[in-house]
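Participant: I have a structure here, written as C-alpha cells, and I will follow up with some questions on it.
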Amino acid sequence: MKTLFTVLLSSLFFVACGNATSGEENQGEKRINDVEVEEIKSLMASQPGIILDVRTEAEVAEGYIEGAQNIDITKGEFIKNASSIDKDKPVYVYCKMGGRSANASEKLAKSGYTKIYNMMGGFEAWKAAGYPVAK
C-alpha cells in the first residue's frame, strides 16, 4: 500500500512539473511585448532595431520619432509594405494612442517577426514624457 501511494505521489509530481515546463515554453514564444514609453526608449537605446510608425501621413507631418519608418496601417497591404524589415531585429511599433500599433504588432507576429515592442500610449505618450520629436 505504501508503495502504491509513493508511485501515485511521484506521478502527480511529474505531471505537475510537465505542465509548468509547457507554460514556460509558451511564455518564451511570446513575440509581442506591450511596453510603456519609458521602457521602449531604453530598449531603443540598448537594442537598436526598426522604429515603425504606423500612423497616417497627416499625423506624421505633425511630428514623429527620429529615425522612424512610416508604414500606414490604414492603407492596404501593410505586411507587403513591411516586408523589407528584418524579421529578426527588434521592431518598435507606435501609432498615435496605441490601438493601431497593437493591430500592426499582431499582423507582424503572424508574419514571422520575432521581437515586437508595442508602445503603449503611442506617440502622445512619447510627447507627454518630453522625449524629442522630429518634424
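Derivation of every value follows stated rules applied to the coordinates shown; laboratory data play no part. Values in this document were obtained by computation on a predicted structure and should not be read as measured data. In this analysis, Cβ positions are derived from the backbone assuming ideal geometry, glycine residues included, and neighbour counts consider all displayed protein chains.
Participant: Under 5 Å between amide hydrogens, which residues at least 5 positions from residue 34 or on another chain qualify, with H placed 1.01 Å from N in the peptide plane?
Facilitator: Here the answer is 118, since their amide H atoms fall under 5 Å of that of residue 34.
Participant: Could you put 135, 41 in order, starting from the residue whose Cβ has the fewest other Cβ atoms within 10 Å?
Facilitator: Ascending Cβ contact count within 10 Å gives the list 135, 41.
Participant: Can you list residues whose amide H is under 5 Å from residue 69's amide H, if they're 5+ apart or on another chain and H is modeled 1.01 Å from N?
Facilitator: Correct list: 51, 52, 53.
Participant: Please report the equivalent ellipsoid semi-axes of the stretch 31-128, computed as sqrt(5 x eigenvalue) of the Cα gyration tensor, largest first, in whole Å.
Facilitator: Over the Cα atoms of the stretch 31-128, the ellipsoid semi-axes are 17, 16, 12 Å.
Participant: Net charge around residue 41, counting only other residues with Cβ within less than 14 Å of its Cβ (Lys, Arg = +1; Asp, Glu = -1)?
Facilitator: Computed value for this residue: -3.
Participant: Note down the nm distance, to one decimal, between modelled labels 7 Å out along Cα→Cβ at residue 111 and at residue 80.
Facilitator: 1.1 nm
Participant: Highest mean first, how do 42-50, 85-93, 68-76, 115-123 rank when packing is the count of other Cβ atoms within 10 Å averaged over residues?
Facilitator: 115-123, 85-93, 68-76, 42-50
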